[in-house]
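Working notes, structure below.
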Amino acid sequence: MHVLILGGDGYLGWPTAMYFSARGYEVTVVDNYLRRNNCQDLDVGMLYPVPTLMERAKIWHERTGHEIKVVIGDLADPEVMRSLFDGRVKYNWSVNSTFSGIPETVVHYAEQPSAPFSLIDYAHADQTIVNNLRVTNNLMFAVRDFSRDTHIIKLGTMGEYGTPNIDIEEGWIEIEHKGRKGKFLFPRAAGSIYHTTKVMDTDLLWFGVRMWDLKVTDLMQGPVYGIETDESAVDPRLSTIFNYDEVFGTIVNRFIVQAVVDYPLTVYGKGGQTRGYLNIKDTLQCVHHAEKSPADKGDLRIFNQIMETFSVNELAEMTQRVGQQLGYDVKVDHLENPRKEAEEHYYNPTYQGLIELGVKPHYLTDEVVTEIFKVVEKYKRAIRKDVIFKGIKW
């Protein structure tokens, strides 16, 4: 089986590549270092240096004997995308340069992934919209034109739904109106330009499913936490990108870094904002189970990819409690909320579909938080307090 991973240099993309490679899949990763370049442009460094994608693929091959083919290219260019399906692809690194063939599965991570980044100003909003929608559109047409049997696994986000005052179903809702019934995509209420592009991704692929019988699984993922996976434990140089800044860092990871360097935890407003979360190891499980049980032709299958829900206050309290047990004097600071969002709201999403496929959840416990603390502590001297919070507003 050939799995093509778009956005293979990212926080989730690289661990996904190793995960599939370790299980005997042929794996090709594509990236243009958009995230790395954006981090450099904004001067928001990472917790530790990360080798290039080609260097990591070489290390992975040396340590495991498995090959991950690397393509450095801009997937917003339709010809780059199409080359991955028609055999014109040029590998930047591979053991065997022979074309691996049309992929049975494409995992689509290749997007600008940050809500704050998308609202810095009009230029960052433009980059987000242009990159995210062009990549999705190019993928849809490449699959339509070359391999309609290819299963697209697209990473969506729970942020597409917003915080409605009703239970959030897994992508679809049945509505009765004036005596007639129909099944519709669950109403969307995105809270940023980034999240709006994810809504548009869903709509694009829903179009492709209806028009051309494409096979699509849309994983509505919540914020991810964690650093290490079973595969990255092989060599520290294989660790994934880890951001702790306001722009690209996810909240659990950010809070733990803040605690380690005696920076008050940045709780926005009242701290009642509630979301669904999952361990990075569960992202890998979810994608793998979705690949093993692909959507049918003409089906847009949607799963809510979370394992449990927490409010920001609950995450801050957990970080403070664990930090104090480890000897840190962790303080919490309720900042004026720079975002336009509900700080207290109803939130009850359904998330059973992936568990029914066989995913075994990892839960956010004090022990798990402690493990992340221990990793972050190794790089304490490299952490820059000046990049933690800059107050991007919308």
| said: 7 Å from Cα along Cα→Cβ at both N96 and A382: what's the point-to-point distance in nm? | reply: 3.5
| query | Rounded, prolate or oblate: which fits the stretch 257-313, taking a ≥ b ≥ c as square roots of the Cα gyration tensor eigenvalues, rounded meaning a/c under 1.5, else prolate when a/b beats b/c? | reply | prolate
| Roughly speaking, to the nearest percent, how much of the stretch 1-103's 1.4 Å accessible area is carbon and sulfur? | 47
| note | Whole-Hz Karplus couplings 3J(HN,Hα) for the stretch 120-125, θ = phi - 60° and coefficients 6.51, -1.76, 1.60, Gly and Pro as x, run 4, 6, 5, 5, 6, 5
| message | Below 12 angstrom from the Cβ of S83, what's the summed charge of the other residues (Lys, Arg +1; Asp, Glu -1)? | response | -1
| field | Rounded, prolate or oblate (a/c below 1.5 giving rounded, otherwise prolate when a/b exceeds b/c) for the stretch 226-360 by Cα gyration tensor | value | oblate
| If you stretched the chain out fully between A123 and Q324, how much longer would it get, using 0.36 nm times the residue separation minus the C-alpha to C-alpha distance? | 68.2 nm
| query | Using modelled amide H (1.01 Å from N, peptide plane; none on Pro or chain starts), what sits under 5 Å from the amide H of I168, excluding residues fewer than 5 places away? | reply | N348, T350
| Given charges at beta-carbon only (K, R positive; D, E negative), |dipole| of the chain in Debye | 380
| message | Can you give me the % of accessible surface on the stretch 177-308 that is carbon or sulfur? Probe 1.4 Å, all protein chains present, nothing else counted. | response | 52
| note | Asserting the computed 222 nm helical MRE of the chain (DSSP H runs at least 4 long, -39500 (n - 2.57) per run, divided by residue count, to nearest 500) equals -11500 deg cm²/dmol
| request: Could you go through the stretch 69-84 in sequence order and give the Karplus-derived ³J(HN,Hα) for each residue, using 6.51 cos²θ - 1.76 cosθ + 1.60 with θ = phi - 60°, rounded to whole Hz, and x for Gly and Pro? | output: 6, 10, 10, 9, x, 8, 6, 6, 8, x, 6, 5, 4, 5, 5, 6
| message | Can you tell me how the stretch 1-137 classifies by the Cα gyration tensor, rounded, prolate or oblate, using a/c under 1.5 as the rounded cut? | response | oblate
| request: Please name whichever of I355, F248, N165 sits farthest to the positive end of the charge dipole of the chain, dipole taken about the Cα centre and charges placed at Cβ: Lys and Arg +1, Asp and Glu -1. | output: F248
| note | Expressed in angstrom and rounded, the centroid-to-centroid distance over alpha carbons for the stretch 6-83 and the stretch 246-291 is 22
| message | Between K331 and E343, what is the label-point separation in nm under the 7 Å Cα-to-beta-carbon projection? | response | 1.9
| said: Just want to confirm a number: the relative contact order over the stretch 82-237, from Cα pairs under 8 angstrom separated by 6+ residues, in percent. | reply: 27
| field | Residue-normalised accessible area of the stretch 40-116, expressed per residue, 1.4 Å probe, Å² | value | 43
| request: Enter the accessible area per residue of the stretch 246-394 (Å², integer; probe 1.4 Å; all protein chains in place). | output: 44
| field | Computed over the stretch 127-180, the ratio Rg/Rh where both radii use C-alpha atoms and Rh is Kirkwood | value | 1.11
| task | May I ask you to derive the relative contact order of the chain, considering only C-alpha pairs under 8 Å and at least 6 residues apart, and to give it as an integer percent? | result | 19
| Which percent of the accessible area of the stretch 328-375 is formed by carbon and sulfur heavy atoms (probe 1.4 angstrom)? | 48
| task | Rounded to the nearest 0.05, what FRET efficiency do H61 and K181 give with R0 = 51 Å and r taken as the Cβ-Cβ distance? Could you check? | result | 0.40
| So what J values fall out for the stretch 377-385 if you push phi through Karplus, 6.51 cos²θ - 1.76 cosθ + 1.60 with θ = phi - 60°, rounded to Hz, Gly and Pro as x? | 4, 4, 10, 3, 5, 8, 6, 9, 5
| field | Net charge contributed by nearby residues that have their C-beta within less than 10 Å of D296 (K/R +1, D/E -1) | value | +1
| said: Per 0.36 nm of contour for each residue apart, how much would the distance between T365 and Y48 grow if the chain were fully extended, relative to their Cα-Cα spacing? | reply: 111.7 nm
| said: Under 5 Å between amide hydrogens, which residues at least 5 positions from T157 or on another chain qualify, with H placed 1.01 Å from N in the peptide plane? | reply: Q221
| query | Roughly how many whole Å is it from the C-alpha centroid of the stretch 207-245 to that of the stretch 113-159? | reply | 14
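The values are calculated or read from the model by the stated rules, or taken from the named source; none is laboratory data. Keep in mind it's a predicted model, so treat the numbers as computed, not measured. FYI the Cβ positions are ideal-geometry reconstructions off the backbone, even for glycines, and counts take in every protein chain you see. When the accessible area is computed, the model is the full protein with side chains, heavy atoms only, and any ligands, DNA or RNA have been set aside. Shrake-Rupley method; radii C 1.70, N 1.55, O 1.52, S 1.80 Å.
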